[in-house]
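The values are calculated or read from the model by the stated rules, or taken from the named source; none is laboratory data. Everything numeric in this text was worked out from a predicted model, so none of it was measured. Positions of Cβ are generated from backbone atoms using ideal geometry, with glycine treated the same way; all protein chains shown enter the neighbour counts. Please note that ligands, DNA and RNA were not included when accessible areas were found on the heavy atoms of the full protein model with its side chains. Shrake-Rupley method; radii C 1.70, N 1.55, O 1.52, S 1.80 Å.
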Amino acid sequence: MGLVGLALGLLIGLLVGVLPTVLAMKLEDTFRSSTPTNNLLVVGGLQRGRGLEPEPRVYVGAVNAVYQLGPGLRLQSQVKTGPVNDSALCHASQLPQNNCEHPRRLTDNYNKLLEADRAQGLLVICGSVHQGFCQLRALVNISRLAVQFPPAAGTDLVFPSMLYVAANHPQASTVGLVLRGPGGGSEPGSRLLVAATYTGLGTRYFPTNSSREDLRFENTPEIAIRALDTGRLSRLFTYDINPSEDNVFKIKFEAKARNRLSFVRAFGHGAYTYLALNNDANSGSKGGRPRSLLARICASARGPRGTESRKLTESYIQLGLQCSSDLRLYSRLLSVWAGPAQSLYGLFERPESRSGDTALCLFSFPDIERRIREARRKCFEEDHSQEVMVLDSVIQGSGPACVRRNITLQNEQLDCGAAHLQHPLSITKPLTARPIYTDRGLTSVAVSSVNNHTVVFLGTATGQLLK
């Protein structure tokens with residue numbers, strides 16, 4: 001994000017609160033990090049019941065450091081996360097058995113994931129070092145570890161997939177979202193949805209030497225739902241959430257070359273969780289373009305009142321998003337924001353454009369929901385005419401294809417899948433929209449509703465903020 005990105009994010013917060021009377025922007029407060037920033041998280045009034053103060057806080061993830069800021073952007077606490085001795089060809093040093101024949105070197109830690117679990121009073125921090133290792137720190141004071149992880153006792157229970165969460169390369173994407181379950185008994189409480197770019201053998205991220213060790217393929221799926229209940233340390237960050245294999249979305253090794261996934265954002269809307277991503281497999285080839293995708297799963301960040309969580313592979317469905325005018329196709333998604341009036345704002349670029357052409361398109365969540373229902377209905381009941389297909393590139397997508405079964409699905413099954421077909425689906429025809437605004441060098445979008453007006457903020461590569 002960088003210092004410019006941090007300033008823009010804070011300006012957005014300031015402007016939304018005083019928009020009706022603002023004629024020109026005024027910089028109220030500043031905070032400067034000594035290293036580039038990667039993430040920005042604003043957490044509103046924290047729960048008094050856990051001894052936390054009610055004022056909002058800003059958490060800043062930077063290279064090798066995380067900062068906690070209070071009112072006036074005053075520094076309240078900080079933690080150093082790097083640099084550390086590391087190697088992309090070595091297991092994490094936190095593993096009981098971590099012998100490595102490859103040399104380690106002092107490596108910067110890019111804090112990839114910064115998520116708050118308010119219910120447990122946790123800040124989840126996941127960096128690029130040690131194969132994507134995470135820490136759990138106290139929201140009220142991040143200088144304090146909230147949970148000793150891996151646990152000091154029972155280290156024989158620690159294995160790589162518990163530790164490898166974020167992407168282990170500075171340029172590889174990682175997004176996440178804390179999900180809430182009903183809790184109690186055998187039901188999961190807090191869970192962490194994580195989507196991370198594959199960085200193993202065959203990618204531009206993998207170390208160029210004679211080694212064929214590939215820790216990312218061995219241990220880390222592209223999308224996963226991980227345990228985040230600190231009351232069950234032996235399962236922390238595992239997929240062991242009744243049952244484990246239903247909580248991973250893993251591209252087959254032979255299909256990874258045609259599924260170069262780069263993740264843009266994970267967000268909740270209504271009762272569902274969405275992932276915005278790009279498939280960059282065709283980028284750079286003659287006439288090839290990336291594909292922008294929106295995936296939905298039936299898991300909610302709202303907790304017990306949201307949609308009941310389903311198996312990740314059962315409820316996963318994706319469709320393309322296409323932003324195009326009569327003459328130009330903006331094929332790669334840069335940023336998304338769920339706005340008011342059931343609208344999804346997507347900012348796209350033309351990767352082949354040397355001038356940095358970008359466009360903002362507007363999609364409708366009711367249209368997205370209708371397309372998903374129609375696709376599942378056709379998969380089970382109608383002649384689908386290849387409009388929907390099982391994702392055979394996914395390990396869990398090796399089962400039956402969409403064939404007519406004369407099965408009538410209930411509304412919940414149309415929304416979230418059914419036991420008849422426990423495999424991720426893809427809608428082949430993209431949802432299209434025409435640009436509502438075009439410019440050069442746009443990089444990010446945020447939307448708010450103020451006094452019955454929809455206000456769109458657009459960040460630029462040169463550090464400007466457009467309203």
| So how do 230, 273 rank on accessible area, 1.4 Å probe, biggest first, that is with the largest at the start? | 230, 273
| request: Would you mind checking which residues have amide H under 5 Å from residue 269's amide H? H placed 1.01 Å from N; only 5 or more apart, or other chain. | output: 274
| said: Can you compute the FRET efficiency between residue 255 and residue 97 using 1/(1 + (r/R0)^6), with r the Cβ-Cβ distance and R0 = 30 Å? Round to the nearest 0.05. | reply: 0.45
| request: Have a look at the DSSP beta bridges in region 253-439 and tell me what percent are antiparallel, nearest 5. | output: 90
| query | How big is the shadow of the Cα convex hull of region 98-164, averaged over all directions, in nm²? | reply | 5.7
| Length gain on complete extension for the stretch residue 353 to residue 105, per 0.36 nm per residue less the alpha carbon to alpha carbon distance? | 85.5 nm
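Based on the mean of other beta carbon atoms within 10 Å per residue, what is the order of 130-138, 316-324, most packed first? It would help to have the intermediate numbers written out before the result.
Values: 130-138: 23.6, 316-324: 22.0.
Per-residue mean Cβ counts within 10 Å order the peptides as 130-138, 316-324.
Can you order the peptides 349-355, 414-420, 28-34 by their average number of other Cβ atoms within 10 Å per residue, highest first?
Values: 349-355: 14.1, 414-420: 18.6, 28-34: 12.1.
Those peptides, ordered most packed to least, come out 414-420, 349-355, 28-34.
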| remark: Sorted on mean Cβ neighbours within 10 Å (highest first), peptides 448-457, 78-87 come out as 78-87, 448-457
| query | Rank 213, 101, 314 by accessible area, highest first, at a 1.4 Å probe radius? | reply | 101, 213, 314
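So if we plug the beta-carbon distance of residue 392 and residue 282 into 1/(1 + (r/R0)^6) with R0 = 22 Å, what FRET efficiency do we get, rounded to 0.05? Don't skip to the end; give the middle numbers.
Values: r = 18 Å, r/R0 = 0.82.
The formula returns an efficiency of 0.75 here.
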| query | Whose amide H sits under 5 Å from the amide H of residue 122, counting only residues 5 or more places off or on another chain, with H placed in the peptide plane? | reply | 117, 139
| Stretch residue 420-residue 437 to full length: gain in nm at 0.36 nm per residue minus the Cα-Cα span? | 1.8 nm
| For region 341-348, in order, what is each residue's ³J(HN,Hα) by Karplus, 6.51 cos²θ - 1.76 cosθ + 1.60 with θ = phi - 60°, in whole Hz (x at glycine and Pro)? | 6, 6, 10, 10, 9, x, 9, 10
| field | Under the Karplus curve 6.51 cos²θ - 1.76 cosθ + 1.60, θ = phi - 60°, whole-Hz ³J(HN,Hα) for region 167-178, x wherever Gly or Pro sits | value | 5, 9, 9, x, 9, 8, 7, 8, 10, x, 7, 7
| task | Please list, in chain and number order, the residues 5+ apart from residue 437 or on another chain whose amide H is under 5 Å from its amide H, with Hs placed from the backbone. | result | 360
| query | Using 16 Å as the cut-off for backbone N distance, which residues of region 440-465 belong to the label zone defined by a point 7 Å from the Cα of residue 204 along Cα→Cβ? | reply | none
| task | Would you kindly work out the equivalent ellipsoid of region 253-439 from its C-alpha gyration tensor and give its semi-axes, the square roots of five times the eigenvalues, largest first in whole Å? | result | 28, 20, 15
| said: Over 27 Å between Cα atoms: which of 80/250; 80/467; 252/429; 80/252 fall into that group? | reply: 80/250; 80/467; 80/252
| remark: Excluding ligands, DNA and RNA, the carbon-plus-sulfur percentage of the accessible area of region 253-439 with a 1.4 Å probe reads 45
| said: Once you keep just the Cα pairs under 8 angstrom separated by 6 or more residues, what percentage relative contact order results for region 253-439? | reply: 21
| query | For the residue pair residue 451 and residue 26, what label-to-label distance in nm results when each label sits 7 Å from Cα along the Cα-to-beta-carbon direction? | reply | 1.7
| request: Figure the gain on full extension for residue 232 and residue 373 (residue separation times 0.36 nm, minus the Cα-Cα span) and round it to one decimal in nm. | output: 47.1 nm
| task | Provide the per-residue ³J(HN,Hα) series for region 135-146, in order, calculated from phi with Karplus coefficients 6.51, -1.76, 1.60 and θ = phi - 60°, each as a whole number of Hz, with x at glycine and proline positions. | result | 10, 10, 10, 6, 4, 6, 7, 6, 6, 9, 5, 7
| request: Mind giving me the nanometre distance, one decimal, between the label points for residue 34 and residue 343, set 7 Å out from Cα along Cα→Cβ? | output: 4.4
